[in-house]
Structure formats: C-alpha cells, structure tokens
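Here is the structure we will look at, set down as structure tokens.
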C-alpha cells in the first residue's frame, strides 16, 4: 500500500514537472511583437545618415534621456532648396526598427502590422553619433 502511494506521488510530481516544462517552453517560443511607432512628441532626434542613405529617427518613450526606439527609412532622393538647404523624399514607412535589443526589418515596408521579422537579436543600438549630428545642425 505504501509503495503505491509513493509511486502515485512520484508520478504526480513528474507529471507536474513535465507540464511546467512544457508550459515554460511554449511561453519562451511565443513570437515577440513590435510596438507601433511612437508618437512624434517622443522623437528626440532625426538625421540623414549619408553612409547608409537612411533617415534615422530616435525616440525616447520612457525616459527623455534614454533612446529606446529608433527607425530607419530609405531616402528616395535628396532635394536641394533654393536657399541651399537639403530636403529629403522619404519612404513612407521604416525599413529597419531598433527596439527591445533587436533589429527588426519590415521587408514589405508597409508599416508596423505584425509581419516584421527580427533581423538580428541582442543588438545594442548606439544613438550617440546621431544625437551628436542632430545637435550640431
């Protein structure tokens, strides 16, 4: 009788452990979702990166001192205004988005709608060169 009770306890324990492991692996496998573009009031800088030919926008959504979201749009063409200042014709939606230590890519460039993929994970984005360029303008 005691042997049956011990076996039932072991079986119950192992079943619970297996269920917990299955649930945790299912949660870990859930795809991450990219949040929508932040509102314009969270934008702290925007600058043309002539090496990449991309328009970079930096956002601070939680702490105004910390950039935590960045986008890169293709520059379709550079327009020179009569006063000599450049203007930029931009793609309507970002191609790259940095958020949550990942570099996301919107291959369709159709806006954030759930079809974005992680291009590279565990990426540290360094906004300082862009912030320096922005402040020097």
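A short reminder: the numbers here are calculations on the coordinates, not readings from a lab. Remember, predicted model here, so these are calculated numbers, not experimental data. All Cβ positions, even for glycine, are placed from backbone atoms using ideal geometry, and neighbour counts span all protein chains on display.
The residues of region 66-95 that are surrounded by fewer than 17 Cβ atoms within 10 Å (Cβ to Cβ) and closer than 18 Å to residue 132 by Cβ amount to a single one, 66. Of all the residues in region 49-65, those that are in contact (Cβ under 8 Å) with a residue 40 or more places away in the chain and either surrounded by fewer than 18 Cβ atoms within 10 Å (Cβ to Cβ) or under 18 Å from residue 116 (Cβ atoms) (or both) number 3. Residues in region 66-94 that are without any contact (Cβ under 8 Å) to a residue 24 or more places away in the chain, in contact with a strand residue (DSSP E or B) (Cβ under 9 Å, 6 or more places away or on another chain) and part of a loop (DSSP other than H, G, I, E, B): 81, 91, 92, 93.
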